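All remarks here apply to the structure that follows.
The values are calculated or read from the model by the stated rules, or taken from the named source; none is laboratory data. Worth saying up front: this structure is predicted, and the values here are computed from it rather than measured. Glycine gets a Cβ as well: all are built from the backbone with ideal geometry, and neighbour counts include every protein chain shown.
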Amino acid sequence: MAKIEVEVGRDLRAAAADVAEAWKIAEAGHAVAGSDRILFRDWSALCAVLTPKRYELLRHLRRAPETGIRPLARALGRDVKRVHDDVVALSELGLVARGEDGSLSSEIDAIISTICIAA
């Protein structure tokens with residue numbers, strides 16, 4: 001099962017420290033395990049990116065990959081430009097895969113979130 005971890009409200013210094021530590025390990029010639037983790041500054045940032053329409057789009061692509069933006073927009077009953085904008089945003093996060101032929105899919109089965117209230 002392909003999973004993505006989403007973390008909301010994590011201290012930027014702690015995240016930067018993790019990156020710096022991984023960098024040091026890699027520079028020393030050791031392998032560094034990759035992380036499928038997306039960090040959001042706060043709840044508003046998460047909600048701006050993972051909207052209900054984008055969630056619907058991800059669910060659709062997980063069940064039925066599409067040949068392109070237009071067929072996806074038709075399947076969702078939505079405007080092509082808005083669907084394009086959503087695909088671009090979700091692709092940048094690694095949630096939607098775009099084939100060289102324009103095909104669209106998502107291999108994500110679960111998004112696991114940690115929301116830091118005290119941050």
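Structure data summary
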item: Any hit, the stretch 106-118, residues being exposed (fewer than 13 other Cβ atoms within 10 Å of the Cβ), more than 17 Å from Glu5 (Cβ to Cβ) and out of contact with any helix residue (DSSP H, G or I) (no Cβ under 7 Å at 6 or more places or on another chain); result: yes
item: Complete set of residues in the stretch 22-42 that are at pLDDT below 85 and basic (Lys, Arg); result: Arg37
item: Members of the stretch 104-116 found to be assigned to a strand (DSSP E or B) and over 16 Å from Arg63 (Cα atoms), listed by number; result: Ile112, Ser113, Thr114, Ile115
item: Criterion violated by Glu5 - all others in (1) within 20 Å of Asp109 (Cβ to Cβ); (2) at pLDDT 90 or above; (3) not small (Gly, Ala, Ser) satisfied; result: (2)
item: Unmet requirement for Trp23, which otherwise passes all of (1) touching a Leu at 6+ places or on another chain (Cβ under 8 Å); (2) of a type in the set (Phe, Trp, Tyr); (3) exposed (fewer than 13 other Cβ atoms within 10 Å of the Cβ); result: (1)
item: From the options Leu72, Leu50, residue that is hydrophobic (A, V, I, L, M, F, W, C) and touching a strand residue (DSSP E or B) at 6+ places or on another chain (Cβ under 7 Å); result: Leu72
